[in-house]
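The structure appears below as structure tokens.
Nothing in this text is a laboratory measurement; each read-out follows from the coordinates by a stated rule. This structure is a prediction, so every number in the text was calculated from the model and none was measured. FYI the Cβ positions are ideal-geometry reconstructions off the backbone, even for glycines, and counts take in every protein chain you see.
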Amino acid sequence: MNSPAAAPSISVIILNYNGARWIKRCLDSLTAQTIFSQIEVIIADNLSTDGSDQTAEALVKGWPNGRFIQHGENLGFCEGNNRAVPPARGEYLFFLNNDTWLEPDCLEKLLSGVKTAQANAASPLVLNYDDESHQLVFGAWFDICGHPVFAEVQPEIRELFMPPGCSYLVEAKLFRDLGGFDKDIFLYCDELDLSWRIWTAGYRCAAIQTSRLHHRWAANVNPKGDQKIVEFRTSDSKRFYTNRNSLMVLLKNAQHILLLLVPIQLGMLSVETLVGWVLLRRWSFVKRTFFDALADCWRLRGHILAERRRIRSFRRRSDWWMLRFLTWRLNRWEEFKRLRKFGIPKVTKD
């Protein structure tokens, strides 16, 4: 590792779980970075079973700025990343998915851009894995259900509500001060929760679109097609976590007026569950994604109340200020477009 006197500018944290198809290209793209000598790379593994942990460990073994951590269990996205943070020495943390690869000047331009924008968290421009087309992952606003709404490419540097979780840069001190990712969220909506706290605490997020990164997207839940997505696929488990966590994020972070979005979100969830029942005719889907999600949110009510008190202690912006991010455009419009492109989604039980 680097000497203590030579602290890196960015600590890149990659949480790996069964990423055999992707991990080598991801790591190769990091070694090609123009500021490779200014970064450290920490790979944390959630007990992969496909050999990708051994591959990753072998690849970084000879790096002066590389570290491999085996968690020994599947901790989920949130706690898996949190436990990789303590040894990180960078001014910034860059949480990076294993199904990504970076263009050579990605981190150089990201670092320069976040400072120019005077932002505290940021993301590069996210392109599809196999070409130059853009992924709609910039959460520029939130809708009347409290879900993030995604933006088309606009200026070189733009303010946005939520950087994507696949490539989330944040000041290390701020991340630690805000408590990191919420481990009770486990996975999905983790970046929404963190971004809400960043804005609430008086800080800023930005998209640095001169910095470029390629992302496969949904590699685990939607693997068919290799580098290119060729179908609309989800799972009961993904819908469970997404539905539960979307509600949790609102209940944790909304101060007063934005709590009115909670019943709207519940109404939208009821409609989606009904549509899912009509399409799938499977009670287990309805139970897992609706009733179990609500019941588990209720189970976590003590944690939610504790988080509301904690967030109140550092709140610098009210719900009235946060209303600037509210838009009437619905998050589900993007899913409707995928439905038109790929047809009725395939839903697995796992």
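Of note:
- Leu280-His303 FRET efficiency (beta carbon distance; Förster radius 35 Å; 0.05 resolution): 0.65
- Ranking of Cys189, Cys78, Cys297, Cys145 by count of other Cβ atoms within 10 Å, fewest first: Cys297, Cys145, Cys78, Cys189
- Segment Glu152-Gln118, length gained on full extension (0.36 nm per residue, minus Cα span): 10.0 nm
- Overall form of segment 233-348 per C-alpha gyration tensor (a/c, 1.5; a/b vs b/c): oblate
- Charge sum, other residues only, whose C-beta stays under 12 Å from Arg310's C-beta, Lys/Arg counted +1 and Asp/Glu -1: +3
- Look at the alpha carbon pairs under 8 Å that are at least 6 residues apart: their mean separation over the length of the chain gives a relative contact order of 18 percent.
- Positive dipole terminus of segment 233-348, leading residue within Val275, Leu259, Met322 (C-beta point charges): Met322
- Under-5 Å amide H pairs with Arg317, H placed in peptide plane, nonlocal only: Gly202
- Separation of segment 50-95 and segment 166-184, taken as the distance between their Cα centroids, equals 15 angstrom.
- Ranked list, fewest to most other Cβ atoms within 10 Å of each Cβ, for His147, His214, His303: His303, His147, His214
- Mean separation of Cα contacts under 8 Å, 6 or more apart, over the residue count of segment 1-80: relative contact order %: 36 percent
- Whole-angstrom gap from segment 239-301 to segment 304-335, using each part's C-alpha centre: 17 Å
- Chain lengthening between Arg317 and Lys287 when straightened (0.36 nm per residue, less Cα-Cα): 7.1 nm
- Full extension of the chain between Trp333 and Asp177 gives 52.7 nm of extra length, using 0.36 nm per residue less the Cα-Cα distance.
- A Cβ-based charge dipole, computed about the Cα centre of the chain with Lys and Arg at +1 and Asp and Glu at -1, lands at about 1100 debye.
- Directionally averaged projected area (convex hull, Cα atoms, the chain), nm²: 16.6 nm²
- Taking the fewest neighbouring Cβ atoms within 10 Å as the starting point, the ordered list for Ile39, Ile14, Ile311, Ile264 is Ile264, Ile311, Ile39, Ile14.
- Rounded if a/c under 1.5, otherwise prolate or oblate - segment 165-308, Cα gyration tensor axes: oblate
- Summing Lys and Arg as +1 and Asp and Glu as -1 over all other residues whose Cβ lies under 13 Å from the Cβ of Ser284 gives a net charge of +3.
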